[in-house]
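Read through the structure below, which is laid out as structure tokens, and then see the notes.
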Amino acid sequence: MMIPSYFIVAAIHELGHILTGLSHGFKFHLFVIGPIGLKRNEQDEVVLYLERNPVLWGGIGGVWPKIEDSGNFRAFARVLIAGPLFTFAFGGISLYLFLLIDHQFLLLLGAMALA
């Protein structure tokens, strides 16, 4: 149960970065969890691929600004903090659901997210 819970928590964390970037008008570039990834290729298409670099398997999410702008600094700061905030919220929700449902996997998810 620990390995799937790690990947779920890592995916939530990286999606926090990506969704916040997209909400600020950034362009999706990369999302990797384990050996599975999504990336934007040279033809500007999002494709599924196998990531060969194990260093990235812990999780990575990337968005780029569409235009050079002085406001990008503040937006990028929000993108950076969004991952931990999404993870923290997910951990709290998981622990609350554990109290309601009493399933060990929810406890593990919540503890891992908050750790």
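Look at (1) touching a strand residue (DSSP E or B) at 6+ places or on another chain (Cβ under 8 Å); (2) open to solvent by 60 Å² or more (accessible area, probe 1.4 Å); (3) over 17 Å from Arg78 (Cβ atoms) and you find that Val47 fails only one, number (2). For the stretch 25-38, taking the residues that are touching a strand residue (DSSP E or B) at 6+ places or on another chain (Cβ under 8 Å) and under 10 Å from Val63 (Cα atoms), the one that is surrounded by the fewest Cβ atoms within 10 Å (Cβ to Cβ) is identified as Lys27. Of all the criteria given as (1) crowded, with 17+ Cβ neighbours inside 10 Å; (2) under 28 Å from Met112 (Cβ atoms); (3) out of contact with any helix residue (DSSP H, G or I) (no Cβ under 7 Å at 6 or more places or on another chain), the one not satisfied by Val55 is (1).
Among the residues of the stretch 87-105, just one is loosely packed, with under 12 Cβ neighbours inside 10 Å and in contact (Cβ under 8 Å) with a residue 12 or more places away in the chain, namely Gln104.
The values are calculated or read from the model by the stated rules, or taken from the named source; none is laboratory data. No experiment lies behind these values; they were computed from the predicted model shown. Using ideal geometry, Cβ is built from the backbone for each residue, glycine included, and neighbour counts are taken over all protein chains shown. Just so you know, the surface numbers come from the protein's heavy atoms only, side chains and all, with ligands and any DNA or RNA stripped out. Shrake-Rupley method; radii C 1.70, N 1.55, O 1.52, S 1.80 Å.
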